[in-house]
Structures are given as structure tokens and as C-alpha cells.
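A.B. asks: Have a look at this one before I ask anything.
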Amino acid sequence: MALAIILILVGLAVLIFGAKALVSGAASLARKMGVSPLVVGLTVVAFGTSAPELIVNVFSAIKGSADIAIGNVIGSNIANILLVLGVASVIVPLTVQRNTVWREIPFALLAAILVYTMGNDTLFDGSGFNSITRTDGFSLIAIFIIFMFYIFGLAKEQNGQKEEKIKMYSYPASIGYSVLGILMLFFGGKILVDNAIVLAEMAGLSEALIGLTIVAVGTSLPEMATSIVAAMHKQSDIAIGNIVGSNIFNVFWILGLTGTMLQLPFNPATNVDVLVSIGATLILFIAMFVGRRHLLERWQGAMMILFYVFYIAYLIYRG
């Protein structure tokens, strides 16, 4: 069991460094080809920080471990809001833009609600089997494409505003970092999923529990690092946008793509976790109007962390 835990941690480390290498190399390569920093941030960087979740889900789907695939997405989204934003806002209160409050957060809420409706075929369609089907997967990707059109429209509106600086490398170095990142993501994801399944079997734990805790928090580490550093530098837009955007990516892009690869059986027990995800997003939205308007305050962040601790305790009790 100790070896499986060590290998899971190794897999997580390889995933995180792989995502960083891919983002660095691809962003540098895109800039050398004349793509603007803003567009790079909205595409290359956004996809790169979601790459660990994507790779884990692809391997989980291939191995038929639907509980890990779905648990990874739902667990990551819960951790992103309650844990990551909670910690970031305790460090520095986070100011949230009007667009984020009225557009991106409701879009993330829609994503969580769709997981609930698509996963409960028995409840909504009278079917005898709950699953995220290939049709559901294609529908999620279609909505993701619409969201990307909105993002590019937003990029045009904000053209001329301060853009993030991107470190430049030579062409060979840029390509090398990109290839290295892809390889690290591939092997890190395989190590993580293989040993998460082994750990679940050895410890008598459900794959859903492993997916919702160890795997979910682990694949959220890039977002956590980004948001905490952004909060410390008082860059609230990056801290909040990174998390809300990641949650939208996780459902519409990652779960959507995974669903097109393989029909994912939906465990009814997962409904509690999906409802927690919906509740966490609602808490974030309501917090924008409690206390100082459009500001996530320290006490609100502390409450979110406390909610996450209670949720983890419930998961352990559930087994």
C-alpha cells in the first residue's frame, strides 16, 4: 500500500511539472508565431492547467474506471471553489469583476447542473441505467465551443488592456518543452490512475472516494498554485478567473471528451457530490452580494475551507 501511495504522489508530481513544461513551451512557440499573449492565455495556458484532469480522465475511461473519471472532475471543481478560492481569499480578499459574477460563475453553475441531469437517466428519462453517454459528451463539447466563442469575444473587448508577459525560448527549446510536457503528462497520468486503482482495491476503498479526494486535489494543484500566487500579488482577476474557468473546462471539455470516448456509468451515490458542487458554486455566487459587494472576504474564505473539511470528513465516513 505504501508503494502505491508513493507512486500516486510521483504521478501527481510528474503531471504538474508536465503541465508547466507544456504551457511554457507551447506559449513561447505561439508567441514566436505571432499569436497575442491574451489569446495564448485563454487557450494554451487554460488547456495546459486542465491537462492533468484530462489525462487522468482519458486513462480512467480506457481502463473502465468511470468512478475515478467522474469523481476527478466533480472533486476538482469542489476543491477549486471551497479549498483553493478559500485559501486564496484568506491570504488576500479577492475582488471579482462584474463579467465574472454575472456570466462565468452562472456558466460554471450550469455545468454542475448539467452533470446532475445528464447523469440521472433513471430520474429524468425513466431509463434503467444511469450514465454519461456519448451523446451527452458531444453535447457538452458543443456547449464548450460556444463558451470559447464568448471567450474570444471577451478577448477582443479587452484588447489593449495589460497582458501577461510570456517567457520566450528558442524554437528548439520551445518544441522540446512542449514534447517533454506531453510525455510527462502521459506517463504521469498512467502512473497515477494505475496506482489509484491499486490503492482503492488494497485498502477496500471505493474508486469514487479516491477520485474525489486524492486524485481530485492532486490534479487541482496547478490551479491552487496559480491562484495563491496571484492572490499574493493582488491579481484577483487571475485568481478567480483561473478557478471559474477551470471548472467550466473540467465539465464541458474534459468530461465531455471523456464521455465521447466511452459511456461512463453514473453511480447514484455520486449525486451527493454533484449537489455539493452545485452548492459550492451557489455559495460563491451568493458571497458576491453578502458583505462587501463583488468581494470574496477573508471570513467567507475561512467558511469555505471549513465546508470543505466537513465534506472530506463525510467522504471518509461514506467510505
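A.B. asks: Lysine pairs in the chain with alpha-carbon atoms under 14 Å apart, 8 or more places apart or on different chains: how many are there?
C.D. replies: Lysine pairs satisfying the spacing and distance rule in the chain number 4.
A.B. asks: Can you give the convex hull volume per residue for the Cα atoms of segment 2-318, as a whole number of Å³?
C.D. replies: 129 Å³
A.B. asks: Jot down the radius of gyration and Dmax of segment 229-319, Cα atoms only, both in angstrom.
C.D. replies: For segment 229-319, the Cα radius of gyration and maximum Cα-Cα distance read 15.9, 45 Å.
A.B. asks: Hey, another quick one. Would you mind finding the longest exposed-site-free stretch of the chain, with exposed GluC sites (Glu not before Pro) meaning DSSP loop and at most 15 other Cβ atoms within 10 Å?
C.D. replies: 1-162
A.B. asks: Still on this structure, please answer the following. Just to confirm my numbers, what's the Cα centroid distance between segment 196-247 and segment 58-72 in Å?
C.D. replies: Segment 196-247 and segment 58-72 have Cα centres spaced 16 Å from each other.
A.B. asks: Gaussian network model of the chain, Cα springs within a sub-10 Å range: biggest mean-square fluctuation belongs to which of L205, L94, L284?
C.D. replies: The residue with the greatest mean-square fluctuation here is L205.
A.B. asks: With 10 angstrom as the radius, rank M288, M303 by how many other C-beta atoms surround their C-beta, starting from the fewest.
C.D. replies: Ordered by Cβ neighbours within 10 Å, fewest first: M303, M288.
A.B. asks: May I pose another question? Are there chymotrypsin sites (Phe, Trp or Tyr not before Pro) in segment 62-139 that DSSP marks as loop and that have at most 13 other Cβ atoms within 10 Å, and which are they?
C.D. replies: F129
A.B. asks: When only alpha-carbon atoms count, how far does segment 55-210 stretch along each of its three principal axes, as whole angstroms with the largest first?
C.D. replies: Its Cα atoms span 53, 41, 36 Å along the three principal axes.
A.B. asks: Helix by helix, which DSSP H runs in the chain go 15 Å or more along their axis at the Cα atoms and have an average Kyte-Doolittle hydropathy of 1.0 or more?
C.D. replies: Span-like helices in the chain: 2-32, 51-62, 66-78, 105-119, 134-157, 171-203, 221-232, 270-287.
A.B. asks: Which value in deg cm²/dmol, rounded to the nearest 500, describes the helix-derived mean residue ellipticity at 222 nm for the chain, given -39,500 (n - 2.57) per DSSP H run of n ≥ 4 and division by the residue count?
C.D. replies: Taking each H run of at least 4 residues, the total per residue is -22500 deg cm²/dmol.
A.B. asks: Nothing charged except the Cβ atoms of Lys and Arg (+1) and of Asp and Glu (-1): what's the magnitude of the dipole of the chain about its Cα centre? Round to the nearest 20 debye.
C.D. replies: Value, rounded to 20: 980 debye.
A.B. asks: Towards the positive end of the charge dipole of the chain, with charges on Cβ (+1 Lys, Arg; -1 Asp, Glu), say which of V215, N99, Y308 has the farthest Cα.
C.D. replies: Sorting the options by dipole projection puts first N99.
A.B. asks: GNM on the chain, C-alpha springs below 10 Å: top fluctuator among I191, I283, I248?
C.D. replies: Between I191, I283, I248, it is I283 that shows the largest mean-square fluctuation.
A.B. asks: Could you give the dipole magnitude of segment 220-319 about its Cα centre, charging the beta-carbon of Lys and Arg +1 and that of Asp and Glu -1, in debye to the nearest 20?
C.D. replies: Dipole magnitude for segment 220-319 comes out near 220 debye.
A.B. asks: Another one. Which one of A51, M1, S139 has its Cα pushed farthest toward the positive end of the charge dipole of the chain, where Lys and Arg give +1 and Asp and Glu give -1 at the Cβ?
C.D. replies: Sorting the options by dipole projection puts first A51.
Read-outs: derived from the displayed coordinates by stated rules, not from any lab. Quick caveat: nothing in here was measured; it's all calculated off a predicted structure. Cβ sites come from the backbone with ideal geometry, for glycine too, and all protein chains shown count toward neighbours.
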